[in-house]
Amino acid sequence: MLPALTLLLTYQLVGEVIAQFFALPVPGPVIGMALLFATLALRGAVSEELRGTANGLLQHLSLLFVPAGTGVMLHFGRLADEWLALLASLLVSTAVTIAVSALLMRMLMRRREAEDKA
Amino acid sequence: MTPRLGEIWVYLSASPLLGLSLTLLAYQAAFWLHKRCNGHPAANPVLLSVLALVAILWATGTSYATYFEGAQFVHFLLGPATVALAIPLYAQFARLKRLALPLLATLVAGSITAALSAVAVAAALGGSRVTQLSLAPKSVTTPIAMGIAERVGGLPSLTAVLVIMTGILGAIGARYVYRLLAVKDEAVRGFALGLASHGIGTARAFQESEQAGAFAALAMGLNGLATALLVPLLLPLLAG
């Protein structure tokens, strides 16, 4: 577990350094994820140890959002003032985004599969 | 007895241990309840944990800053967890290569839809400009969204909360959208949910299947990139 955790943190660190150095709008951990993905793709395998540690972290991914979510208590005033605009925006936008993405991807995948058969 | 308890409270409330343990306890309880409800999406563990924590902090008069001194250790793990998403992603590598074009087209369309629809609905209902700007990056994972909000003139801490709410709404509501549209493919279900609802949607997708989870993780990562690039460009178009 320790080597795998060290590996993950090192990739994050390298990602942060790249993001800062090139003043990229993308956060370090996302660059770290891209780099690790590229490494795995080049090497062609994932060690059991890394897989186990990653599963452990991702199994309770939800937990990691709890501290930021609790920050809702800082914004009760604004939420009370603008609750309708906020709630409608989140509801409509989330549903529409899921629908648009799912329909478009399904359409494009079917076309791709039809091409593969042709 | 009581003054002694008071002293202990003063001691504990000054140490990060309390915020950290409370976060874990609240989550464990929420997760237990989630299981008891047969994993029903409405019994979302993040939602339940946040409700419990806000109630406890409010009842004990503890500030968010004090709480966060302990909770930051959990918050910090978002970084390595994001990096770790490369592993389930890699497991789907063969399939991803074949689907590169459909995925990219969906990503761009979904990313623009997420940002513009959120800003447009809030604007139409009289939401303030700061609220609109804070809403624009609401579909991407917390650290990215906060960075974007700061860049475009929103409130990063408000964005963090809106991001979590978006995640919870997506995790709860996606199944109804999918039922309505008869979306059955695991890859599509995962990708659309990860795109719209980042890590919380991804956590939900992993409960459905490993494949849905991997596509959700991919969408979440890609949408982080896409939104970071697109939102600063798109917002001037909407400037009211």
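The values are calculated or read from the model by the stated rules, or taken from the named source; none is laboratory data. Treat the numbers as computed from the prediction; the structure is a model and nothing was measured. Quick reminder, even Gly has a Cβ in these numbers, built from the backbone with ideal geometry, and neighbours come from all protein chains shown.
State yes or no: is B:Pro137 surrounded by fewer than 24 Cβ atoms within 10 Å (Cβ to Cβ) and either of a type in the set (Lys, Arg) or touching a residue at least 40 places away in the same chain (Cβ under 8 Å) (or both)?
On the way: surrounded by fewer than 24 Cβ atoms within 10 Å (Cβ to Cβ): no; either of a type in the set (Lys, Arg) or touching a residue at least 40 places away in the same chain (Cβ under 8 Å) (or both): yes.
It is false that B:Pro137 is surrounded by fewer than 24 Cβ atoms within 10 Å (Cβ to Cβ) and either of a type in the set (Lys, Arg) or touching a residue at least 40 places away in the same chain (Cβ under 8 Å) (or both).
Table: residues versus (1) surrounded by 24 or more Cβ atoms within 10 Å (Cβ to Cβ); (2) more than 9 Å from every other protein chain (Cβ to nearest Cβ).
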residue	(1), (2)
B:Leu116	no, no
B:Gly126	no, no
B:Ile144	yes, no
B:Arg151	no, no
B:Gly154	yes, yes
B:Ser157	no, no
B:Val163	yes, no
B:Gly170	yes, no
B:Arg175	no, yes
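Out of the range A:36-55, which residues are facing chain B (nearest Cβ under 9 Å) and more than 14 Å from B:Leu89 (Cα to Cα)?
Passing the criteria: only A:Thr53.
Please enumerate the residues belonging to the range A:1-14 that are among the aliphatic types (A, V, I, L, M) and within 8 Å of chain B (Cβ to nearest Cβ). Write out each step before concluding.
First, the residues of the range A:1-14 that are among the aliphatic types (A, V, I, L, M): A:1-2, A:4-5, A:7-9, A:13-14.
Those that are among the aliphatic types (A, V, I, L, M) and within 8 Å of chain B (Cβ to nearest Cβ): A:Leu5, A:Leu8, A:Leu9.
Yes/no per residue for (1) closer than 25 Å to B:Leu125 by Cβ; (2) outside the structural domain of B:Gly126 (by TED's automatic domain parsing); (3) in contact with a helix residue (DSSP H, G or I) (Cβ under 6 Å, 6 or more places away or on another chain); (4) at pLDDT below 90:
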position: B:Val163; (1), (2), (3), (4): yes, no, yes, no
position: B:Leu169; (1), (2), (3), (4): yes, no, yes, no
position: B:Asp185; (1), (2), (3), (4): no, no, no, no
position: B:Gly190; (1), (2), (3), (4): no, no, yes, no
position: B:Ser197; (1), (2), (3), (4): yes, no, yes, no
position: B:Ser209; (1), (2), (3), (4): no, no, yes, no
position: B:Phe215; (1), (2), (3), (4): no, no, yes, no
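Here is a list: A:Leu91, A:Leu104, A:Leu79, A:Leu74. Which entry is closer than 20 Å to B:Lys184 by Cβ and either touching a Pro at 6+ places or on another chain (Cβ under 7 Å) or of a type in the set (A, V, I, L, M, F, W, C) (or both)? So that I can check it myself, show each step before the final result.
Details: A:Leu91 fails: closer than 20 Å to B:Lys184 by Cβ; A:Leu79 fails: closer than 20 Å to B:Lys184 by Cβ; A:Leu74 fails: closer than 20 Å to B:Lys184 by Cβ.
Of the residues listed, the single one that is closer than 20 Å to B:Lys184 by Cβ and either touching a Pro at 6+ places or on another chain (Cβ under 7 Å) or of a type in the set (A, V, I, L, M, F, W, C) (or both) is A:Leu104.
Residues to consider are B:Gly79, B:Gly127, B:Gly110; find the one that is in contact (Cβ under 8 Å) with a residue 60 or more places away in the chain and either under 23 Å from A:Ser93 (Cβ atoms) or not in a helix (DSSP H, G or I) (or both).
Values: B:Gly79 fails: either under 23 Å from A:Ser93 (Cβ atoms) or not in a helix (DSSP H, G or I) (or both); B:Gly127 fails: in contact (Cβ under 8 Å) with a residue 60 or more places away in the chain.
Selected residue: B:Gly110, the only one of B:Gly79, B:Gly127, B:Gly110 that is in contact (Cβ under 8 Å) with a residue 60 or more places away in the chain and either under 23 Å from A:Ser93 (Cβ atoms) or not in a helix (DSSP H, G or I) (or both).
Output the residues belonging to the range A:15-35 that are within 10 Å of chain B (Cβ to nearest Cβ) and over 17 Å from B:Leu77 (Cα atoms).
Step one: list which residues in the range A:15-35 are within 10 Å of chain B (Cβ to nearest Cβ), which gives A:15-16, A:19, A:24-35.
Those that are within 10 Å of chain B (Cβ to nearest Cβ) and over 17 Å from B:Leu77 (Cα atoms): A:Ala19, A:Leu24, A:Pro25, A:Val26, A:Ala34, A:Leu35.
Restricted to the range B:47-98, and to residues that are among the small types (Gly, Ala, Ser) and under 22 Å from B:Gly221 (Cα atoms), which residue is farthest from the chain's Cα centre (by Cα)? Break it down stepwise before answering.
Initially, the range B:47-98 is screened for residues among the small types (Gly, Ala, Ser), giving B:49, B:52, B:55, B:59, B:61, B:63, B:65, B:70-71, B:79, B:81, B:84, B:86, B:91, B:94.
Narrowing further to those that are under 22 Å from B:Gly221 (Cα atoms): B:79, B:81, B:84, B:86, B:91, B:94.
Details: B:Gly79: 13, B:Ala81: 13, B:Ala84: 16, B:Ala86: 18, B:Ala91: 23, B:Ala94: 28 Å.
Filtering the range B:47-98 for residues that are among the small types (Gly, Ala, Ser) and under 22 Å from B:Gly221 (Cα atoms), the one farthest from the chain's Cα centre (by Cα) comes out as B:Ala94.
Taking the range B:1-49 only, how many residues are assigned to a loop (DSSP other than H, G, I, E, B), farther than 20 Å from B:Ile200 by Cα and at pLDDT 80 or above? Please lay out each step first, then the result.
Of all residues in the range B:1-49, those assigned to a loop (DSSP other than H, G, I, E, B) come to B:1, B:14-15, B:37-44.
From what is left, the residues that are farther than 20 Å from B:Ile200 by Cα are B:1, B:14-15.
Cutting the leftovers down to at pLDDT 80 or above gives us B:15.
Of the residues in that region, 1 qualify.
If you take the residues of the range B:128-142 that are of a type outside the set (S, T, N, Q) and facing chain A (nearest Cβ under 8 Å), which of them is nearest to the chain's Cα centre (by Cα)? Even if it seems obvious, please write down each step before you answer.
So the first thing to find is which residues in the range B:128-142 are of a type outside the set (S, T, N, Q), and the list is B:129-130, B:133, B:135-138, B:140.
Filter again for facing chain A (nearest Cβ under 8 Å), leaving B:135, B:138.
On the way: B:Leu135: 13, B:Lys138: 8 Å.
Applying the filter and picking the extreme gives B:Lys138.
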